[in-house]
Structures are given as structure tokens and as C-alpha cells.
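Undergrad: Mind having a look at this structure? Questions to follow.
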Amino acid sequence: MAHENRAHAILSASASKMWLSCPPSAKLNAELPDTTSDYAREGTCAHEIAQIKINQMLGISVDDLRENLDFYDSEMEGCTESYAQYVAEEMAKYKEPVVMVEQHLDFSKYVPGGFGTSDIVIIADDVLTVIDLKYGKGMEVSAEHNSQMMLYSLGALELFGVLYDINKIKMVIFQPRLENVSESVISVSYLLDWAENELRPKAELAAKGEGEFCAGEHCRFCKVKATCRKRAEYNLTIAQYDFAPPDMLEDSEIEIILERADALTSWAADVKDYALSQALSGKQWNGYKVVEGKSNRKYTDEQKVAETVKAAGKNPYSEPEILGITAMTKLLGGKKKFDELLSKYVCKPQGKPTLVPMSDKRKAWTSTANEDFQED
């Protein structure tokens, strides 16, 4: 059992695009600690609310704890409501659909120790429908040849294929904050051919940490993306164009730059973030130091600011929000009057640490400042 849990950690469905594209990355990522973020916790919260609504729709009694969830708000309420309506519409297409919520699925027949949980599985007639709610709004996700959805479909087929005569698989990505509903229908024979000839060989390599490193769009989710040599080689090939005037480049060269520009920018940012985190942990980079970055002033008490400005005979609002500091300064006739009325309600937070050349005139970041920043 421990082996299966370890294998699952290496070859999860959600990371399948990465380990299918770059098999040896799976083991490298599994050896590093997992991190979470507010975006991930927000997504978990949305899934919990969605699960409550679907179960209630199915007549299943569940505790409604949405008001106690940290990230619950009106947007999440509306998004999960539209998701529940979509699921209801899918169910309504069939006479007696079988519906599973948060269904545990095992696809270890093709992926060593592989299993996961699908948000919704619907079986009706000869169609197996797998629906996945994605609450993020960073980028649109397509259901077309989506490896995560195909793995869930394999697990559902393995579980229910002997009980139902399934011929078609419908995969759905429901992404309400981007108004994206992506649907893809494939045959069972297509899914099984992919599983046998593409999935299984790469999963076996990934489980052993073998195979070829490959850089690409999938790198954005990799824990070692900042230090991966293959990704560096992939992006540094564009450096040969650095010193050529744009009007001297061939069309084909410009097309290569356009194709790589966003990936190059993202890679450079990842390297800078990694270098900064290492510097904050005590590493000294030759020719560089950490300093306090710039920060903007902000109000400490918007209600007091509004009351003070109203008492001075001015309207502090630009509907529906209070005026920013620059606009408020202009409204009050200048910095002198602004400071006279509102300086006690304004603070300038500590700037975030940033890595700069030694020639920068700002003082080096201290260990005390680092502790204060981490506490903040």
C-alpha cells in the first residue's frame, strides 16, 4: 500500500501532462516538498461547495458548511451554482442516468499505482461522461486530448465497463470564472489505444525516473523549472538573436522569437525568483545583493479617511470605492493639505525583497528585515 501511495504521488492525474511530456520530471518533483497557495485553497473551497450543491440536487442529505469556509463569497456561490445547473442539464439528457459525485477511480492498470478522484461521473445509455470543475482563472483549459480527463475516463471505464455497455466517452472541463465550457467526445477504442500505446510506456518510464527530459509549456507546473538544464537550453537558444537589430532578422527568425518570447520571459522570472529565495536563505551570489523593493502608500483606516474628507467639504469617493492616494491628494489641493488631514491614516508598508546588482545604491536587506517580511 505504501508503494501505491508513493507511486500515486509521482504519477498523479493532475500532473499527467507534465510527466507524459517529460517522464523523468515526475520523480524529481516527488522528491521535493509539496507547497500550497491561496489559489489552491480557494479551489478546494469551491469544490466543497459544488459537492454540497450536487448532492442536495440528487436528494442526498449533507451538512451545508459553506458559511464556515475561508474563501466563500458571492462569486463562488454564483460559479458553483452555474456548475450545478450544467450537471443538471447533462443529467436531464437521459432517462435514468447513474451519477457519482467525487468518485474514486483507479487507473493503475496503465499507470503504476495510479488513482484519483473525479468530480462527476455520469453513465447513461452508451455514454460515459466525466466532468471536472476548474475554479482557477489563470488560463483556459481544454478537454481536447486532456490527459487528466482521459485518466479519469480510464478509471471510470475500468470500474463500470463490465456493468454498462459503454461506447463513447464525453469529457468536460467546466471553468466558470473564464466562461469556458470545453467538451470533447472520443470513442472507447480511441481511449484504450492511447492508454496502451502512449500512456503505459511513458508511465512506466516516469515511475522509474527514466526517459528523455523535454522542455515546453508543461514546465510551468514543475517544481524544478528554475534549475532544469533542459529548460535552460530550450530558452537560451533564442540568445543568438539578442544583438541583431529586428529589421535585420529573417521572417523565420522573428517567428521563432515570437513562439519562444513568453516562455523565455517566464523562465527568466522563475530563475530570478529562485535566486532570490536562495539569497534570502543565506546564499551569496557574486555581484548581487538583496534590497528592499519599492512599495506604495496605503490607507490604514478608509472609514476615517472618508469621514475626514467629508468634514473638509469634499467627496472622497469615486463610486463605488474611495479615491486612491494620488487622486485624493489632487482633490484636496495638494500634498500639504493631504498630509495635514490624512497623514495619520496613511502608512507605507515594507517593500518586498528584490535581488539587484551590487552597484544599486539601496542598503542590503538585513536578516531582521527578512524575519519581518516572512512574518508579514
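The values are calculated or read from the model by the stated rules, or taken from the named source; none is laboratory data. Being a predicted model, the structure only gives us computed values, none of them experimental. Quick reminder, even Gly has a Cβ in these numbers, built from the backbone with ideal geometry, and neighbours come from all protein chains shown. With ligands, DNA and RNA removed, areas are computed over all heavy atoms of the protein, side chains included. Shrake-Rupley method; radii C 1.70, N 1.55, O 1.52, S 1.80 Å.
Undergrad: Whether any residue in the stretch 76-87 is buried (at least 17 other Cβ atoms within 10 Å of the Cβ) and among the acidic types (Asp, Glu) is what I want to check.
TA: No, the stretch 76-87 contains no residue that is buried (at least 17 other Cβ atoms within 10 Å of the Cβ) and among the acidic types (Asp, Glu).
Undergrad: If I ask for residues that are within 11 Å of the chain's Cα centre (by Cα) and of a type in the set (S, T, N, Q), which ones from the stretch 26-51 would you list?
TA: Thr36, Ser37
Undergrad: Looking at (1) over 25 Å from Leu178 (Cα atoms); (2) modelled with pLDDT of 95 or more; (3) open to solvent by 70 Å² or more (accessible area, probe 1.4 Å), which one does His104 not meet, given that it meets all the others?
TA: Checking His104 against (1) over 25 Å from Leu178 (Cα atoms); (2) modelled with pLDDT of 95 or more; (3) open to solvent by 70 Å² or more (accessible area, probe 1.4 Å), the one that fails is (2).
Undergrad: Is there any pair linking a residue in the stretch 92-113 that is without any contact (Cβ under 8 Å) to a residue 40 or more places away in the chain to one that is in a strand (DSSP E or B) and loosely packed, with under 15 Cβ neighbours inside 10 Å, with Cβ under 9 Å and at least six apart or on different chains, and which?
TA: From the stretch 92-113, the pairs are His104/Thr117.
Undergrad: When you check Gly216 against the structure, is it under 18 Å from Gly113 (Cβ atoms) and not aliphatic (A, V, I, L, M), yes or no?
TA: No.
Undergrad: Output the residue which, of all residues in the stretch 137-166 that are in a loop (DSSP other than H, G, I, E, B) and among the hydroxyl-bearing types (Ser, Thr, Tyr), is most open to solvent (accessible area, probe 1.4 Å).
TA: So the residue we want is Tyr164.
Undergrad: Looking only at the stretch 184-194, decide whether some residue is of a type in the set (Ser, Thr, Tyr), in contact with a strand residue (DSSP E or B) (Cβ under 6 Å, 6 or more places away or on another chain) and either at pLDDT below 95 or closer than 14 Å to Ser147 by Cβ (or both).
TA: Yes, some residue in the stretch 184-194 is of a type in the set (Ser, Thr, Tyr), in contact with a strand residue (DSSP E or B) (Cβ under 6 Å, 6 or more places away or on another chain) and either at pLDDT below 95 or closer than 14 Å to Ser147 by Cβ (or both).
Undergrad: For a quick check of your reading of the model, give me the residue pairs whose first member lies in the stretch 139-162 and is more than 14 Å from Ile120 (Cβ to Cβ), whose second is aromatic (Phe, Trp, Tyr) and crowded, with 20+ Cβ neighbours inside 10 Å, with beta-carbon atoms closer than 6 Å and at least 6 apart or on different chains.
TA: Leu151/Phe107; Leu154/Phe107
Undergrad: Residue check: is Ser74 under 17 Å from Ile173 (Cα atoms), among the polar types (S, T, N, Q) and either in contact with a helix residue (DSSP H, G or I) (Cβ under 7 Å, 6 or more places away or on another chain) or free of Cβ contacts under 8 Å to residues at least 24 places away in the same chain (or both)?
TA: So Ser74 does not fit the description; no.
Undergrad: Another question, then. Can you find, within the stretch 114-136, the residue that is most open to solvent (accessible area, probe 1.4 Å) among those that are touching a residue at least 40 places away in the same chain (Cβ under 8 Å) and acidic (Asp, Glu)?
TA: Asp126
Undergrad: Can you tell me which residue is farthest from the chain's Cα centre (by Cα) among those in the stretch 292-324 that are among the small types (Gly, Ala, Ser) and at pLDDT below 90?
TA: Only one residue fits best here, namely Ser318.
Undergrad: Among the residues of the stretch 287-339 satisfying the criterion of being acidic (Asp, Glu) and loosely packed, with under 12 Cβ neighbours inside 10 Å, which is nearest to Lys352 (Cα to Cα)?
TA: My answer is Glu321.
Undergrad: Right, here's the next one. Residues to consider are Ile131, Ile122; find the one that is part of a strand (DSSP E or B), modelled with pLDDT of 95 or more, farther than 20 Å from Ala195 by Cα and β-branched (Val, Ile, Thr).
TA: Only one candidate passes the filter, namely Ile122.
Undergrad: Restricting attention to the stretch 172-185, which residues are touching a helix residue (DSSP H, G or I) at 6+ places or on another chain (Cβ under 8 Å) and in a strand (DSSP E or B)?
TA: Selection gives Val172, Ile173, Phe174, Val181, Ser184.
Undergrad: Here is a further query. How many of the residues in the stretch 191-226 are closer than 22 Å to Leu157 by Cβ and open to solvent by less than 40 Å² (accessible area, probe 1.4 Å)?
TA: Residues flagged as closer than 22 Å to Leu157 by Cβ and open to solvent by less than 40 Å² (accessible area, probe 1.4 Å) within the stretch 191-226 amount to 7.
Undergrad: Right, another one. Which count do you get for residues in the stretch 236-256 that are at pLDDT 75 or above, open to solvent by 100 Å² or more (accessible area, probe 1.4 Å) and among the acidic types (Asp, Glu)?
TA: Summing the residues that are at pLDDT 75 or above, open to solvent by 100 Å² or more (accessible area, probe 1.4 Å) and among the acidic types (Asp, Glu) in the stretch 236-256 gives 3.
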